[in-house]
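Okay, so here's the structure we're looking at.
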Amino acid sequence: MTISVLARRDELKVGHTGLYIDGRWRDASDGRVWTHVHPATNEEISTFAIGSAADVDEAVTAARRAFDEGPWPRMRARDRIRAVQGIAELIREHREELAALQTLGNAMPITMSRSYGVSGDIAADLFDHFAGWIDKLTGRTYPTYTGQDMQFLSFREPVGVVAAIIPWNAPLLQFANKVAPALAAGCTVVIKPSEYAALAPLRLAQLIDDAGLPPGVFNCVPGPGDPTGEALISHPGVDKISFTGSRAVGKHIQAVAAQTLKRVTLELGGKSAALVFERADVAKAAHAVASRVAMGLSGQVCSSQTRAVVQRSVYDEFLQAVLDAVADVRFGDPFDPATTSAPMINPVQRDKVLRYIRTAEEEGARRLVGGEAPDGELACGNWVTPAVFAEVDNRMTLAQEEVFGPVLAVIPVDDEDEAIRVANDSSYGLSAGVYTDDVAQALRVSRALRTGTVGVNAYAFLPNAPFGGYKESGLGREGGIEGIESMLETKTVMIDLAR
Ligand code: NAD
């Protein structure tokens, strides 16, 4: 039996969708559309309009007008809180539909799509969390410092028009992580979802339309990097770019933004390490590491710990447990709860992953399992079986470059110092895992690692905690107080108190 997702498409009533600009839905000015193709089957699902430079200009102009002249940045806190909470409620009501649309977009297995960290539930919680900051965005007063009697005080103000650009892998989470703090801060927004997973973001845009914000406050213009993304990042009307995606595009965006000194937040890729020590629950550690690389999105997650840095005394036990965990992988219809893992997002990404696997072998890493494109009924999709490499040297390409696929590199080390050295020997610094039951070791190692997050014996993501990267994994943080701060400017006002 061949896999097909067309019946799901029909059930979800997914049809052609337009651009959302200045409170109206319409097609692109040049009539261009993108045909969404499903990664598990390569079936054509639907079309949506993609924004030209003229459409982006119209969206930014609308957002600019709504910011400079409209009620949103000036609204009383109580009213803005209610508006942002209203979006949270609508998302919560549509959580099941949103999970299905996410799966229809990027082939994320439906059980993962419903799980908290990437679901409509966390998206709704992000809107609620940031709504909670609205009446707490307070400035400071400053004691007089020199002879002249002046009162200094500071205000926190919205940064302005925010261009939000998101990738395809967790669109519900990434949409909310940018739009919720921007709206809460009083900014106006133009979001560009990824061309590979626009279905769920477009539904979120419809829900925001239903919430009834003033026109121009929120705009959604899907499309590819060129022309849609390029038009957005170079537009003089944009004050801030909040980007999640690859390191290469992030560097380009920072360079373009520098021309007009737009503010930037960059959430980029990683080559994160899981450090597994002698005192770990090795079976549990292996299961956690293998699951994140082989299950769910099959390693297409920025924070995946794709280097396992393992103390030699538990190395063989770890490898065996990883192989056992990988054997549980099930490919198939992503709407079937028995399916554990996703295909690659498109054929280009599948071929890139297969190339990395060949290079790893050429450089002398030992492939224990996987790394193949299956045939039979799966040949219609972009599947790659999870690959485990042993005896990897940290200088190999596989240990240094982000593959963004189901490939685990296992690196043996002698002791804690060597484990830290190897883990930190990376141009990336997004996440890390520390597996040990020794609290002092867990803390020592967490402090020594140069990464934005460290998970000790587990890894998770919450709306109220900061997330982001060290080194070339990013700039700035999303989530919690850091997330709202990134959407604010500080203005200092000084008043002469002389009579
Ligand atoms: P990508 O960089 O190819 O695309 C990301 C977004 O940028 C898309 O919307 C794309 O259309 C847009 N884009 C591409 N070129 C552009 C340009 N020149 N100007 C403006 N916009 C442009 O990344 P992807 O393949 O969608 O996602 C995978 C990458 O994202 C991985 O590197 C992954 O690690 C990273 N990622 C990071 C995080 C994080 O929070 N740190 C989360 C998820 C994914």
Count, please, the residues in region 34-61 that happen to be surrounded by fewer than 24 Cβ atoms within 10 Å (Cβ to Cβ) and under 19 Å from PRO215 (Cβ atoms).
4
Which of the residues belonging to region 191-205 are within 12 Å of the ligand (Cβ to nearest atom) and buried (at least 24 other Cβ atoms within 10 Å of the Cβ)?
ILE191, LYS192, PRO193, SER194, ALA197, ALA198, PRO201
ALA442 vs (1) more than 16 Å from the ligand (Cβ to nearest atom); (2) buried (at least 22 other Cβ atoms within 10 Å of the Cβ); (3) among the aliphatic types (A, V, I, L, M): all pass except (2)
Could you pull out the residue among ALA107, ALA184 that is farther than 17 Å from CYS220 by Cβ, of a type in the set (Gly, Ala, Ser) and touching a His at 6+ places or on another chain (Cβ under 7 Å)?
ALA107
Tell me whether region 431-440 contains one or more residues that are touching a Lys or Arg at 6+ places or on another chain (Cβ under 6 Å) and either at pLDDT below 95 or outside any loop (DSSP other than H, G, I, E, B) (or both).
no
Looking at region 423-439, which of the residues that are within 16 Å of the ligand (Cβ to nearest atom) and over 19 Å from HIS287 (Cα atoms) is most open to solvent (accessible area, probe 1.4 Å)?
SER427
For region 452-475, state whether one or more residues are touching a residue at least 12 places away in the same chain (Cβ under 8 Å), surrounded by 16 or more Cβ atoms within 10 Å (Cβ to Cβ) and assigned to a helix (DSSP H, G or I).
no
Taking the criterion of being in a loop (DSSP other than H, G, I, E, B) and open to solvent by 20 Å² or more (accessible area, probe 1.4 Å), would at least one residue in region 103-110 satisfy it?
no
Given the conditions (1) charged (D, E, K, R); (2) within 16 Å of the ligand (Cβ to nearest atom); (3) within 24 Å of GLY405 (Cα to Cα), every one holds for LYS240 apart from (3)
Collect the residues in region 244-271 that are near the ligand (Cβ under 7 Å from one of its atoms), crowded, with 22+ Cβ neighbours inside 10 Å and aliphatic (A, V, I, L, M), keeping them in residue-number order.
ILE253, LEU268
Test set (1) in contact with a Pro (Cβ under 7 Å, 6 or more places away or on another chain); (2) more than 11 Å from the ligand (Cβ to nearest atom) - VAL179 fails condition number:
(1)
I'd like the full set of residues that are in contact with a Ser or Thr (Cβ under 8 Å, 6 or more places away or on another chain), closer than 29 Å to ASP417 by Cβ, within 16 Å of the ligand (Cβ to nearest atom) and of a type in the set (A, V, I, L, M), limited to region 445-490.
VAL454
Would a scan of region 131-153 turn up a residue that is within 14 Å of the ligand (Cβ to nearest atom) and open to solvent by 20 Å² or more (accessible area, probe 1.4 Å)?
no
Filter result for the condition that a residue is at pLDDT 95 or above and either touching a Leu at 6+ places or on another chain (Cβ under 6 Å) or surrounded by 21 or more Cβ atoms within 10 Å (Cβ to Cβ) (or both), over LEU12, LEU6, LEU19
LEU19
Considering only region 223-236, I want to know if a residue exists there that is within 9 Å of the ligand (Cβ to nearest atom), among the small types (Gly, Ala, Ser), outside any strand (DSSP E or B) and in contact with a Phe, Trp or Tyr (Cβ under 8 Å, 6 or more places away or on another chain).
yes
One residue from ALA123, ALA100 being within 16 Å of the ligand (Cβ to nearest atom), touching a helix residue (DSSP H, G or I) at 6+ places or on another chain (Cβ under 8 Å), part of a helix (DSSP H, G or I) and in the same structural domain as ARG247 (by TED's automatic domain parsing):
ALA123
Take ARG499 and tell me if it is outside any strand (DSSP E or B) and within 25 Å of the chain's Cα centre (by Cα).
no
Yes or no: GLU391 within 16 Å of the ligand (Cβ to nearest atom), of a type in the set (D, E, K, R) and at pLDDT 95 or above?
no
Out of region 364-379, which residues are open to solvent by 40 Å² or more (accessible area, probe 1.4 Å) and either closer than 16 Å to THR41 by Cα or touching a Lys or Arg at 6+ places or on another chain (Cβ under 9 Å) (or both)?
ALA373, ASP375, GLY376, GLU377, ALA379
Heads up, the strands (runs of 3 or more DSSP E) in region 1-88 (entirely inside) with at least 2 residues that are under 30 Å from MET487 (Cα atoms) are 19-21, 24-26, 44-49
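The values are calculated or read from the model by the stated rules, or taken from the named source; none is laboratory data. Because the structure is predicted, anything quoted here is derived from the model rather than measured. Every residue, glycine as well, gets a Cβ built from its backbone with ideal geometry; the counts of neighbours run over all protein chains shown. In case anyone asks, the SASA skips ligands and DNA or RNA and just uses the protein heavy atoms, side chains included. Shrake-Rupley method; radii C 1.70, N 1.55, O 1.52, S 1.80 Å.
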